[in-house]
Amino acid sequence: MSEVEVREERLLPVRGLVALQNNRGKPYSATDLKRWIRINRLVYKTDKIDVLVAPGHEDKLYSLLEHAELLDVRLSLRTAAPRPPENLPELAKKGLFDVFLCPEGHDPAALAAWFEACRRVQLPVRLQLRAPFPADLDAEKLAQILAEGSVKVVNLAVGDPFDGTRSCRNADESKATIRQMHALATALDEHDVEVNLIGLPLCLIDEKTRVFAQNSQQFFTDHQQYHKTSYEMAKLLHRRGPITGSKIILILLAQHTSFRNPVDSKLFPWLAFRPWFNLRVWFFRKITRHMRIFRSTPKPRGSSADIYQYVLAETARKAQQNMGPMCRTCSLRRICDHDSPLFKEALPGVAVTAEPGELVLDPLRFCRNQRKYCDAVDRDRSTMSETAASLAKEAMELTNGTPPDIEVDSFEYKIEGQWTHAMPGGVRWFSVTNTEKVSSILTRTAPPLTVAVTFGGGMADYIGFSLGRHCKLVCPMIEYSHQLVLHVNAEGRYALLRDGVPVQPMEFEGAHYVPTRLGSVLEPRISVWNIDLEVVTQTVRIWQGAKDEAAIEAGVKYSVLIVSTRYARRLQAVLRSIARQEAFDFSRIEVVIAYVPGIDATDDLIDSMSLTYPELRIVRAPFSEENARSKGFMINEARRLASGEWIMLLDSDTILHPRMFSRIEEIEADCHFIAPDGRKMLSKDTTAAILLGEIDPQRQWNELLEGAGEFRLREAISVPIGFCQCIRAECLAEIPYEELDHFEGADWRFGVAVRQKYGREKRLSGIPVMHLDHGGSQWYGTKKHM
C-alpha cells in the first residue's frame, strides 16, 4: 500500500527550525538553543523541530533531545554531512524523530551509507537536492534508488538560505537543470515518493508537474515544510552573531508573556536588522525630540471610502513595481514568487513568461491534489474524533434544513476600530497591514450556538471567529469564497466547518489557543487575519439557545468571579459556601469560573455542583495553560461573561461567611466598593479537615473563627486585596487589572485605583472570610492538594 495519498483537507505545517550555529559557524550556547526550542514549542505551537547541525557536532543533540522530551516536541536531525555519525543509534534511542538530508551533490553512492544507517535504527528519511542538476543525470535510476532507500519526501530546490545557493554557469546549464527537475519529479511520483519543486516560477513548470510546485505561499501551507514564523526567525538568527541572537531570543520570550516591555518591543527590530545604524538614529531622536525644531504633529486622516481606495491603489501600485513587465500581466502573479533574486542567481539566463488567462487567486490551485506523506505527528493531527464528526453532521443538518433564529444584516455589525464600508448584503474589510481585524459582537448567548457567514470578494490568510482575546477559532482562506460555520453544542463542544468540511482551527502564537471546550456564555465576532487588500463578509446567520440576556432579565445582580488554577479541591469548599448562603435569593447570583481545562478536575467539579445545586448559575470561562500565571488577564476576559451589576473577585480558596450576600444587600445602595471585615488564615490541619468533609464551615463558623490560625483585620495598609473584592461592574470595566505574568501587588494596586476614583470601600462589619491554607503565595496553582 502506498504511503502517499491525496488528503481532503490540507494540513498546515507544525515543523519548526533551530540551528546550532550561525552561517559563519559560530555556535549558539546550549541555554540559548533550549530557549529557542521553547519559543518554537510554546509560542509557535510546533510539534516537531528540525535541528540544523554541522557535521561532527551531532553529540550536542543529546541535551536538546532531553529538553524536547520535557516540552513534548519531537526533534529531527537536519544535516549536510556526507556520512552518518557513529552515534546515530544512540540519538535514535534518545527520541530522534527522523533525518532530513541536505547533501552537497546528487551522488547516490554518497547517500547509500545514510540510507542503510537510518534503516537499521528505523529512522525515516527526508531529502533535499539543490540546483544545479547535471544534464546527464539519470532521473529514473536516481528515483528508484531513493525509493529503495525508504526516502519519504524529496524537495527539489533552486536554493536554500540555510544550505546556500550554487549557480548554474550559463543559460544552457540552467535550462538543463529545469528539465532534470521536471523529470526527477515525475519519476519520484511514479515510485510513490512525495516530491516538491521549490523556488521555480510557476510559468516555468509544466502543467502536469505544477502539482508539485512550491513557491512561498504553497511552501508555508504544506505540512512537510516549515511553520512560517519559525522559519523566518531561523533565517534571521542564522545571519546574526550568537550575542545578538541571544538578545533576540530573550526579547521574543518576553514578548510572548502577558507583560509587554515597550523598550524591548522597540529594540527588537534594531537588533534584528540594522542594529548599529538604527541605534544611533534612536539615540539622536531621544536627545532631540524635546527641541521645537524636531517636533512634528501627525495630521489625522478621515475615515472614508475614498481614503481606503487610495491606500489600496497605492499598495497595489507598489506591488506592481516590484514585478518585471512579464509578471505584471501574468495570470499567476498573485500566487507566484516571480523571477526572485534567488531564482536569478541560481538559474541565470532563463526568462520568465506571462501565463494568459483569468487571474488566479487561490495559492493551492495547482497543488491541492498532490499526493502527500504523513508522519506519525501529522497522522494524529489529521484524525478527526468521533465527537467532531458528529458535531459536523449536526451542523450541516441544522444549517441546511432549519431557518436561522437571527440574521445579522451587513448594516448591523461593524469592524472594530476602523471605518466600516457596509453595503446591502455585505461588509467590505480593508487592510494594508498584517494584523487581525474583528467585527463587533454578533450575539451574546449560552450554548448551543451555530454561526454561519460567507467570505468572498478578496483574500485573507485566515478567517473565522473570535471569542475573546485569548480564543480564536480560524482556518486558512484557500479559495476565493468560503462559507464558515461554527457549531457549538450545549456542553460547549464545537466544530468549525469550511464549505461543509470540518477543519482543525489554527493555533496562534502566544496568547491565542484552540480550546477543547467553550465557555458557558459566548460572544462571537468575525475574525479576519492578514487581509490581502480587501475581503467581503455577507449577512451572518445565527441559530442559538436561550439568550444570556435572560439571566439579566431574571434578576442576576451579583457575579462571583473566581480564577481557579489547580485548586479544584479548595474550589469545591468555596462553591459550597456560595451555594449555601443563608437568607438569600439564588436567582440573583451567578458564579463565573475562570480555569484551565484538563490540568485538574474543575470541569468535573462544575458538573457535580450543577447537579447538586441546580439553582446556582455557574458560567464556565476556559483559558489556555499559557494564561495560568496571568490572573489579571483571566479576570479582565472573564469579566465580559459576567451578568451582574456587582462583581465579587474571590480567590478559589476563600470561604464566604454564611450571610455574606444578605449583608452586602443591606449596604450596597450607596457605594462602589465593598470588602469583608478581614480574613482568618486557617491552619493546615483545619484545611485538611474541611477538604475531607470532617468540618463544615457553614455550621461551625464561629468555632473556626475562634480556633487555630491567624486573623488579619486591616492588612496591606488597609487596602482591600484580591482574596475578596466586591465592586460594581462598571468599576472593573473602567479600571482593569494589570495583565502581568505574575500577580504580586496587582490586586493591591487595583484596590488603590478604585479608591482613588470612587472613594473608600465599605467594610462588612463583623463579616470576615476564611482563607484555606495552601502553603505560601501560590495563587496560580499548587501541586499539593492534601
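The values are calculated or read from the model by the stated rules, or taken from the named source; none is laboratory data. On a predicted model such as this, the values are computed, not experimentally measured, just so you know. We place every Cβ from the backbone using ideal geometry, glycine too, and count neighbours over all the protein chains shown. Keep in mind that these areas ignore ligands, DNA and RNA; they rest on the heavy atoms of the full protein, side chains included. Shrake-Rupley method; radii C 1.70, N 1.55, O 1.52, S 1.80 Å.
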Original post:
From the residues in segment 35-82 that are of a type in the set (Asp, Glu), surrounded by fewer than 18 Cβ atoms within 10 Å (Cβ to Cβ) and at pLDDT 90 or above, which one is nearest to CYS118 (Cα to Cα)?
Top reply: ASP59
Original post:
Checking GLN180 against (1) open to solvent by 10 Å² or more (accessible area, probe 1.4 Å); (2) touching a residue at least 40 places away in the same chain (Cβ under 8 Å); (3) part of a loop (DSSP other than H, G, I, E, B), which single condition isn't satisfied?
Top reply: (3)
**OP:** Would you check if there is a residue in segment 579-587 being out of contact with any helix residue (DSSP H, G or I) (no Cβ under 8 Å at 6 or more places or on another chain) and in contact (Cβ under 8 Å) with a residue 60 or more places away in the chain?
**Re:** yes
**OP:** Determine which single condition GLN224 fails, assuming it passes every other condition in (1) touching a helix residue (DSSP H, G or I) at 6+ places or on another chain (Cβ under 8 Å); (2) at pLDDT 90 or above; (3) not in a strand (DSSP E or B).
**Re:** (1)
**OP:** Could you list, in sequence order, all residues of segment 524-555 that are open to solvent by less than 30 Å² (accessible area, probe 1.4 Å), modelled with pLDDT of 90 or more and part of a loop (DSSP other than H, G, I, E, B)?
**Re:** PRO524
Original post:
In segment 123-154, what residues are open to solvent by 10 Å² or more (accessible area, probe 1.4 Å) and among the basic types (Lys, Arg)?
Top reply: ARG126, LYS141, LYS152
Original post:
In segment 24-32, is there at least one residue being touching a Lys or Arg at 6+ places or on another chain (Cβ under 9 Å) and either closer than 21 Å to GLU148 by Cα or crowded, with 18+ Cβ neighbours inside 10 Å (or both)?
Top reply: no
Subject >> Pair list, Cβ < 8 Å and 6+ apart or interchain, from segment 595-617 residues that are farther than 19 Å from TYR567 by Cβ to residues that are of a type outside the set (Phe, Trp, Tyr) and open to solvent by 50 Å² or more (accessible area, probe 1.4 Å) >> reply: GLU615/SER587
**OP:** List every residue pair whose Cβ atoms sit under 7 Å apart, with the two residues 6 or more apart in sequence or on different chains, where the first one lies in segment 241-264 and is outside any helix (DSSP H, G or I) and the second, anywhere, is at pLDDT below 60 and open to solvent by 50 Å² or more (accessible area, probe 1.4 Å).
**Re:** HIS256/GLU509
**OP:** Taking only segment 420-454 into account, find how many residues are closer than 17 Å to VAL408 by Cβ, polar (S, T, N, Q) and outside any strand (DSSP E or B).
**Re:** 3
Subject >> Members of segment 706-739 found to be within 19 Å of ILE664 (Cβ to Cβ), hydrophobic (A, V, I, L, M, F, W, C) and touching a strand residue (DSSP E or B) at 6+ places or on another chain (Cβ under 6 Å), listed by number >> reply: PHE723, CYS724, CYS726, ILE727, ALA729, LEU732
Subject >> segment 322-343: number of residues that are exposed (fewer than 14 other Cβ atoms within 10 Å of the Cβ) and either part of a helix (DSSP H, G or I) or among the aromatic types (Phe, Trp, Tyr) (or both) >> reply: 2
**OP:** Check segment 191-202 and report whether any residue there is open to solvent by less than 50 Å² (accessible area, probe 1.4 Å) and either farther than 23 Å from ALA80 by Cα or among the hydroxyl-bearing types (Ser, Thr, Tyr) (or both).
**Re:** yes
Subject >> Segments classed as helices (runs of 4 or more DSSP H), wholly inside segment 629-741, with at least 2 members that are over 21 Å from GLN756 (Cα atoms) >> reply: 631-638, 660-667, 684-691, 701-706
**OP:** Inspect all residues belonging to segment 80-91 and state whether any of them is within 21 Å of ASP47 (Cβ to Cβ) and under 35 Å from the mean Cα position of the chain (by Cα).
**Re:** yes
Original post:
So which residues in segment 351-374 are at pLDDT 90 or above and surrounded by 19 or more Cβ atoms within 10 Å (Cβ to Cβ)?
Top reply: VAL352, GLN370, LYS372, TYR373, CYS374
Original post:
Taking segment 754-772 as the search range and keeping residues that are under 30 Å from LEU691 (Cα atoms) and either of a type outside the set (A, V, I, L, M, F, W, C) or in a strand (DSSP E or B) (or both), which one is most open to solvent (accessible area, probe 1.4 Å)?
Top reply: SER765
**OP:** Go through the residues of segment 586-601 one by one and say whether even a single one is out of contact with any Ser or Thr (no Cβ under 7 Å at 6 or more places or on another chain), open to solvent by less than 10 Å² (accessible area, probe 1.4 Å) and either assigned to a loop (DSSP other than H, G, I, E, B) or among the polar types (S, T, N, Q) (or both).
**Re:** no
